[in-house]
């Protein structure tokens, strides 16, 4: 596939690198065409690694990953262009966190709705799937780093888009039993609200890989 | 110990029953002295099971459990009386959920602070510890129902109060490795915000026992 990864931070670059490694052509998108992180990444990752503006990246993509900070994601998708998102699966891994009032940050969910729903409302012809926002980026692309049972969540209104994303997750190493489809996009509220707990755990555990797992009576 | 359990719903009764079973004298507290659920519970659970008003229960208690619905917890503690909470550990297992705008409910955290912090601010001489609010009541008192690794969180500003609560949890069957102390009471924000995800999981998994566990790279 041709995949656009919007956002040149650590999460975007990590996902882009993994997507190239599993066989996709990836364009790392940013606000400007000459973003240094993006040009360096593209130069370092071979012929299937490209870079460009958000619109450049999205225009040629079969699937779009939103790895921008949550509070600027709506602007990033706007810059990418609704026409470049039409009919495409948009994998939203962002977290709408406001650190301006200190720690712990607040999860910004205007009117109680998740950022993922806000993006879906703003770009109704895209097929938004929320996933991967509940763990660090090393675990996102290499779930085997964690030995115990742990879980990645999916939320979205379009079943075929969720199936595409589940397949992508499996190509990263996630086993089907680790992928929990929570239901429609309103369930993204809960996974976005996981971030304060995640940050508390990070405070306690330190810079180690960890993730939450859903443990059942039947296991 | 003499323990007051405030709240006569399923959670309160389940905790009260377990606390009697592990050797405590428990008074189930409610708004009125003749609450039917409380009188029935006390009649059914032997000489160490009593009932009374919130104030009756708290007055004689060494430790107080808040098992009232989150949106009425402040009123319940007010009825219990600040003088009856002074110096005591208050175990807050409640969830401040507002279902008035439909499903998923909203987590009510005025000014971004948790209910647990609001209770601590309102009753500064109590020692509030948030715990157990992230699972169903059967799992709270019988963690062995779930076979995989799973976790109970502690949040509170008073280390000795958290140690008391950890000991109580161990008497319920929680292993020390399952008890994760997240830090001060601001970390209760994150555990209260877990409820929407919990409710989504309940929607997917159905009425089975489940809980979240923190999985680490080292395990």
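A few comments on the model shown:
So that you can scan it fast, the table gives a plain yes or no per residue for (1) in contact (Cβ under 8 Å) with a residue 40 or more places away in the chain; (2) in contact with a strand residue (DSSP E or B) (Cβ under 8 Å, 6 or more places away or on another chain):
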{"position": "B:124", "(1), (2)": "no, no"}
{"position": "B:149", "(1), (2)": "yes, yes"}
{"position": "B:153", "(1), (2)": "no, yes"}
{"position": "B:180", "(1), (2)": "no, yes"}
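- Only one entry of B:87, B:29 meets the criterion of being touching a residue at least 40 places away in the same chain (Cβ under 8 Å) and part of a strand (DSSP E or B), and that entry is B:29.
- Filtering B:38, B:16, B:55 for residues that are touching a helix residue (DSSP H, G or I) at 6+ places or on another chain (Cβ under 7 Å), farther than 21 Å from residue B:134 by Cα and in a helix (DSSP H, G or I) leaves a single hit, B:55.
- Condition met for residue A:93 (closer than 24 Å to residue B:214 by Cβ, in contact with a helix residue (DSSP H, G or I) (Cβ under 7 Å, 6 or more places away or on another chain), away from every other protein chain (no Cβ under 14 Å) and buried (at least 18 other Cβ atoms within 10 Å of the Cβ)): yes
- The condition (being in contact with a helix residue (DSSP H, G or I) (Cβ under 7 Å, 6 or more places away or on another chain) and in contact (Cβ under 8 Å) with a residue 40 or more places away in the chain) is satisfied by just one residue among A:4, A:49: A:4.
- Restricting the search to strands (runs of 3 or more DSSP E) fully inside region B:107-219 and requiring at least 3 residues that are closer than 19 Å to residue A:203 by Cβ and facing another protein chain (nearest Cβ under 8 Å) gives B:179-183, B:210-216.
Throughout, read-outs are computed from the coordinates displayed, never taken from laboratory work. These numbers come from a predicted model, not from an experiment. Here Cβ is always computed from backbone atoms with ideal geometry, including for glycine, and neighbour counts include all displayed protein chains.
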